[in-house]
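Every read-out reported here was derived from the displayed coordinates using simple, explicitly stated rules and does not represent laboratory data. In this text, all values refer to a predicted model and were calculated from it rather than measured experimentally. Note: ideal-geometry Cβ built from the backbone for every residue, glycine included; neighbour counts use all protein chains shown.
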Amino acid sequence: MDVIIGMDPNKRSATIEVLDQRHQMIGGGRFATDTAGYKDMLTAGRQWPQRTWAVEGAGGIGKHLAQRLLADGEQVVDVPATLSARVRMFSTGNGRKTDATDAHSIALVAARTPTLQRVQVDGENMASPVGGPPG
């Protein structure tokens, strides 16, 4: 089953939500961004063999996590904050932000927007793999 893993990255934590092909939530959680937390998040995501990680701000606040995912062989798309904010507003009826609602909005944007930019390896900032071989 193809899944989208929406990620709301922060400096010290990341919240993810996993959506199936019908856009139903089938998993999620909040993880630290240190080595142990990242490894736990990667393990959680790898429950699904066919997955794409959707990271908000993969060229900004989410760059450190997006590049680590790439180093571990994962597929990553960049979700612009403006798109996820719009979806959050329409989905919740208000502009209130929580990490969980942000992760949900990010996943929905990725599920419904096939033209999102795939994240490429940035050799200058590339992290070494810690999660082992993909999937």
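Computed values, structure above
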item: Amide H contacts under 5 Å for Val77, placed H, 5+ residues apart; result: Trp53, Ala54, Val55, Val119
item: Ala85/Val121 FRET efficiency (R0 25 Å; Cβ-Cβ; nearest 0.05); result: 0.35
item: Counting DSSP beta bridges with both ends in the range 2-123, the antiparallel % (nearest 5); result: 60 percent
item: Fewest-first sequence of Met7, Met41 by Cβ atoms within 10 Å of each Cβ; result: Met41, Met7
